[in-house]
Amino acid sequence: MAGTFTFHVVSPEGNVLKEEIEFVILPGVNGELGILPNHAPLIAALDTGVIRYTIEGKKKNLAISGGFVEVSENKATVLADTAESGELIDLQRAQAAKERAEKRLAQRSPDIDIKRAEFALHRAIARINAADRKND
Ligand code: ATP
């Protein structure tokens, strides 16, 4: 049996997850970061995207909208702006948010905050990709 490490995810709303896991892939701003047990110490910025982790042989997802990860002493701690586990994501809400953002971006009128709409679109896409229905 391979080893495990502690995976802790915190958002401004509180603890999202604290589990002993086998593996995690994080959406780093410079590309994906894979963490296994006894990883070297690390601090990295995270993008909006999907966290994929393995617990007791099962794959699970979380959507995050940016943050940081710190790895030390066999523990990975993610501080995320928002974080939702796959089973708690409201897929219809995320699809509605995606459509809203796409409409705003298509308009391109001067009163539209383009960056804000782009961020909303990325958050919605991450949630759609992390929602449990999408797991294979
Ligand atoms: P919406 O327009 O649907 O509110 P948003 O991207 O503006 O989406 P955020 O500001 O990123 O929402 O998040 C607000 C809160 O709602 C956070 O606590 C976040 O975890 C939660 N949240 C947002 N979208 C979803 C979703 N589809 N399913 C579950 N929780 C969500």
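Here, each number is a calculation from the coordinates, and none is a lab measurement. Small disclaimer: the values here were computed from a predicted structure and weren't measured. As a convention, Cβ positions derive from the backbone with ideal geometry for all residues, glycine included, and neighbour counts pool all protein chains shown.
Tabulated values for the structure
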{"quantity": "Subset tally (residues that are within 11 Å of the ligand (Cβ to nearest atom) and charged (D, E, K, R)) for region 98-126", "calculated": "5"}
{"quantity": "Region 79-97, subset outside any helix (DSSP H, G or I) and within 13 Å of the ligand (Cβ to nearest atom), residue farthest from residue 46 (Cα to Cα)", "calculated": "90"}
{"quantity": "Subset tally (residues that are exposed (fewer than 12 other Cβ atoms within 10 Å of the Cβ) and hydrophobic (A, V, I, L, M, F, W, C)) for region 89-113", "calculated": "1"}
{"quantity": "Residues of region 60-74 that turn out to be more than 16 Å from the ligand (Cβ to nearest atom) and either closer than 20 Å to residue 30 by Cα or loosely packed, with under 13 Cβ neighbours inside 10 Å (or both), as a count", "calculated": "6"}
